[in-house]
1. Within segment 109-147, how many residues turn out to be under 30 Å from residue 67 (Cα atoms) and either in contact (Cβ under 8 Å) with a residue 60 or more places away in the chain or among the charged types (D, E, K, R) (or both)?
2. Within segment 166-186, does at least one residue satisfy the condition of being touching a strand residue (DSSP E or B) at 6+ places or on another chain (Cβ under 7 Å), assigned to a loop (DSSP other than H, G, I, E, B), modelled with pLDDT under 95 and not assigned by TED's automatic domain parsing to the domain that holds residue 59?
3. Scan segment 85-125 for residues that are out of contact with any Phe, Trp or Tyr (no Cβ under 8 Å at 6 or more places or on another chain) and either of a type in the set (A, V, I, L, M) or more than 24 Å from residue 190 (Cβ to Cβ) (or both) and report the count.
4. If the requirement is being out of contact with any strand residue (DSSP E or B) (no Cβ under 9 Å at 6 or more places or on another chain), among the basic types (Lys, Arg) and surrounded by 15 or more Cβ atoms within 10 Å (Cβ to Cβ), which of these qualifies: 79, 83, 116?
Amino acid sequence: MLIPKLSSVFSRRCLCICFAAFPLITSIEASAQQGGLLWSDSDSTNDEKSEDEKDKHSTLHIIACYLPNRVLDLLDIFRARIRVGPGFGVGVRATEVASAYVGSYATVYAGLPGPRGRSFPKSPVGLESHTGVTVSVVDATVDGGIGPDYSPTEFGVGGQLGIIGADIGFDPMELLDFGLGIFTVDVQKDDF
């Protein structure tokens, strides 16, 4: 009984340390690279670098951010949220091409927010509003900037009935991103 508790505490502390250390490491890395003191994966000495070379991080950055990036990639695979607020709606997604939604709701959600689509993590709680109709790529919805932000490759279902709703989903591209991320390959370009 003691070992699972210790490993859980250890895991949480490791994550906290990694997330807390990120700004410090990034700042040290930026200072060192400006002074030419830090090795990089790029051997280019030209001032003009291609876009791929600009996106490369130093080895120190990759090592320091490895664990937080893998955790975030793992969380990106699934969407599982409960919503509370007024509205009625139903939706189904089998990628963006095979999706449908009709309804209107304005809610507060809690749970796994789904694919980030960016480096910065999404909050597990927040506001969400979605009104209108979607059929395949024809989207006649309004979300006021606080919509559900579905990935084009996401599969899932969601519904809002009165004051309670739920939204679940799975993104196979995020699963691929997680699997390849183990080897530091970032196909979704969402690592920091």
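The values are calculated or read from the model by the stated rules, or taken from the named source; none is laboratory data. In this text the structure is predicted, and so the values were computed from the model without any measurement. Positions of Cβ are generated from backbone atoms using ideal geometry, with glycine treated the same way; all protein chains shown enter the neighbour counts.
1. 8
2. No; the residues of segment 166-186 include none that is touching a strand residue (DSSP E or B) at 6+ places or on another chain (Cβ under 7 Å), assigned to a loop (DSSP other than H, G, I, E, B), modelled with pLDDT under 95 and not assigned by TED's automatic domain parsing to the domain that holds residue 59.
3. Residues that pass the stated criteria total 9.
4. 116
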